[in-house]
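The values are calculated or read from the model by the stated rules, or taken from the named source; none is laboratory data. Keep in mind the model is a prediction, meaning the values are calculated, not measured. So basically every Cβ, Gly included, is an ideal-geometry build from the backbone, and we count neighbours across all protein chains shown. Protein only, heavy atoms only, side chains kept; ligands, DNA and RNA dropped before computing areas. Shrake-Rupley method; radii C 1.70, N 1.55, O 1.52, S 1.80 Å.
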Amino acid sequence: MLRALTPMDCAQLHLPAKIGDYTDFYSSIHHATNIGIMFRGKENALMPNWKHIPVGYHGRASSIVVSGTPIHRPCGQMMSDESTSKTPLYGPSGVLDFELEMAFFVGPGNELGKPIPVEKAHEHIFGFVLMNDWSARDIQKWEYVPLGPFLGKNFGTTISPWIVPTEALLPFIETNVDQDPQPLEYLRHSDPFNFDINLEVLLKVNELPRPVTISRSNYKHLYWTAKQQLAHHTISGCNMRPGDLLASGTISGPTPDSFGCMLELSWKGEKPIELGNGVKRSFIQDGDEVILRGCCEKNGIRVGFGSCSGKILPAHPL
């Protein structure tokens with residue numbers, strides 16, 4: 001019997017499913033507002049469409065990796081804010097970030113041309129994982145207009161190895177966030193599909209002996225529900241397949257200690273995070289490891305999501 005058992009710290013974990021397609025949404029109103037204030041000002045923080053559709057983009061499924069897989073710093077084009085030249089620079093990203101997210105795996109799919117109604121969307125949501133959507137902010141800033149993220153996102157996305165089934169989260173269900181204005185009819189659902197999932201981000205750096213908690217947030221802060229995300233994705237007739245992965249977008253809360261990325265936590269790098277013993281970070285450096293954790297806890301019941309970790313290695317030489 002003992003020969004059939006492997007200690008957890010010796011087990012090699014793998015991706016929990018073969019991921020065919022991957023979509024990343026932008027569903028936190030706190031995150032969207034903060035980013036908008038940074039780059040457009042408080043009066044124009046949210047784009048005109050943001051409260052009407054679950055905004056998203058199609059990501060790269062091939063570079064999704066399981067927790068514990070190291071990620072090399074990406075290289076690409078970027079335009080320095082200090083440069084007087086109109087010619088971009090090439091090199092390793094100097095503004096590397098994490099994004100605290102969760103994602104759900106599609107269970108049963110749908111036929112091409114047949115949308116999934118929002119009232120039945122939960123029947124197609126198999127379960128959830130933790131996600132770190134690594135982001136090269138300087139590369140992303142130069143490339144994202146007009147078609148959205150490309151090289152600033154496609155170099156790596158980390159997920160936890162354990163899928164927590166939706167059914168296991170039902171004891172932790174929460175009321176949906178109030179939406180004003182009311183969305184269009186195909187996105188409306190009155191049944192609660194929000195979850196009280198405590199989320200934590202830890203940063204492990206070479207200068208300190210132990211990881212430091214830099215953020216605590218919660219899944220329940222999301223403005224758009226997973227049901228709305230799936231219903232909107234398929235309203236065009238897009239077909240989902242088992243194993244497709246749909247991510248929430250950065251999960252930021254209403255307070256600075258609940259922001260879900262370094263861009264917000266350090267406010268564009270203007271306010272470096274104090275980690276202790278004089279160590280500071282504005283963005284992620286080579287050798288840093290980001291660890292995401294998540295759990296639900298209520299009335300003596302605890303459901304954990306495990307760990308979602310990744311260490312940043314130096315960029316590959318060209």
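In this label model, L15 and L46 are separated by 3.4 nm, measuring between points 7 Å along each Cα→Cβ vector. The slack between E119 and L313, meaning 0.36 nm per residue of separation minus the straight C-alpha distance, is 65.4 nm. Heavy atoms of the protein only, probe of 1.4 Å, neighbouring chains included. What is the accessible area of R281 in Å², nearest 10? Using a 1.4 Å probe on the heavy atoms, I get roughly 10 Å². Taking only the C-alpha atoms of the range 247-299, the Rg (one decimal) and the largest Cα-Cα distance, Dmax (whole number), read 13.2, 42 Å. When the residues M131, M79 are ordered by accessible surface, computed with a 1.4 Å probe over the protein chains alone, the sequence from largest down reads M79, M131. Amide H contacts for S282 (H built 1.01 Å from N in the peptide plane; partners 5 or more residues away or on another chain; cut-off under 5 Å): I273. Tell me which of F25, I301, V205 sits at the most positive position along the dipole axis of the chain, charges placed on C-beta atoms (Lys, Arg +1; Asp, Glu -1). Looking along the dipole axis, the top candidate is V205.
Evaluated at q = 0.14, 0.20 Å⁻¹, a Debye calculation over the C-alpha positions of the range 1-139 (equal weights, vacuum) places log10 I(q)/I(0) at -0.96, -1.39. Taking amide H atoms as placed 1.01 Å from N in the peptide plane, the amide H of N110 lies under 5 Å from those of M240, each 5 or more residues away in sequence or on another chain.
The range 163-184 and the range 191-214 have Cα centres separated by 21 Å. The peptide list 300-307, 122-129, 231-238, put in order of mean Cβ contacts within 10 Å with the highest first, becomes 122-129, 231-238, 300-307.
Is the C-alpha gyration tensor of the range 84-184 telling us rounded, prolate or oblate? Criteria: a/c under 1.5 is rounded; beyond that, a/b larger than b/c is prolate, otherwise oblate.
Details: a/c = 2.28, a/b = 1.88, b/c = 1.21.
It is prolate, given that a/c is not under 1.5 and a/b is the larger ratio.
Could you give the length gained on full extension between N277 and L170, defined as 0.36 nm per residue of separation minus the Cα-Cα distance, in nm? Write down the numbers at each step before the final one.
Working: separation 107, 0.36 × 107 = 38.52 nm, distance 4.22 nm.
Net length gain for the segment: 34.3 nm.
In this structure W224 has an accessible area near 0 Å², from a 1.4 Å probe over the protein heavy atoms.
For the range 195-312, a/c is not less than 1.5, where a ≥ b ≥ c are the root eigenvalues of the C-alpha gyration tensor, and a/b tops b/c. That puts it in the prolate class.
For the range 113-242: lysine pairs with Cα atoms under 24 Å, gap of 8 or more or different chains, count? Don't skip to the end; give the middle numbers.
Details: K114/K227; K120/K220; K120/K227; K141/K153; K153/K204.
Count of close lysine pairs: 5.
Going by the alpha-carbon gyration tensor, a ≥ b ≥ c the square roots of its eigenvalues, is the range 2-74 rounded (a/c under 1.5) or, if a/c is not under 1.5, prolate (a/b greater than b/c) versus oblate? Cα axes put the range 2-74 in the prolate bin.
If you sort Y57, Y90, Y22 by accessible surface, 1.4 Å probe, largest first, the order is Y90, Y57, Y22.
Within the set of other residues whose C-beta is less than 11 Å from the C-beta of L275, count the net charge using Lys and Arg as +1 and Asp and Glu as -1. Net local charge, L275 excluded: +1. Here the label points at L208 and Q285, each 7 Å from Cα along the C-beta direction, are separated by 1.2 nm in the simple model. Using θ = phi - 60° in the Karplus curve 6.51 cos²θ - 1.76 cosθ + 1.60, the 3J(HN,Hα) couplings for the range 245-253 round to 10, 10, 9, 6, x, 4, 9, 9, x Hz; x is entered for Gly and Pro.
What the phi angles of the range 27-36 give under the Karplus curve with 6.51, -1.76 and 1.60, with θ = phi - 60°, is a coupling list of 9, 8, 5, 5, 5, 4, 5, 4, 5, x Hz, glycine and proline written as x. Taking all C-alpha pairs of the range 173-238, those more than 19 Å from each other amount to 50 percent. Couplings 3J(HN,Hα) for the range 70-76, derived from phi with the Karplus relation 6.51 cos²θ - 1.76 cosθ + 1.60 (θ = phi - 60°), are x, 10, 7, 4, x, 10, x Hz, where x marks Gly and Pro. Note on surface exposure: D21, D244, D178, D196 rank D178, D21, D196, D244 by accessible area, highest first, 1.4 Å probe.
In square angstrom, what is the accessible area per residue of the chain with a 1.4 angstrom probe? Mind showing how you got there, number by number?
Values: 15990 Å² over 318 residues.
Spelled out: the 1.4 Å probe surface of the chain, per residue, equals 50 Å².
Modelled label positions at N299 and I53, each set 7 Å beyond Cα in the direction of Cβ, lie 4.0 nm from each other.
Database remark: amide H of G260 closer than 5 angstrom to the amide H of S252, G253 (H placed geometrically; neighbours at sequence offset of 5 or more, or on other chains; Pro and chain starts carry no H). Surface composition of the chain: carbon plus sulfur atoms contribute 55% of the solvent-accessible area (1.4 Å probe, protein chains only, all chains present). A Stokes-Einstein calculation at 37 °C with viscosity 0.692 mPa s, built on the Kirkwood radius of the chain over Cα pairs, returns a diffusion coefficient of 162 µm²/s. Here the range 59-137 was treated as a single set of alpha-carbon atoms; its pair distances binned every 10 Å from 0 give 13, 31, 24, 19, 11, 1 percent.
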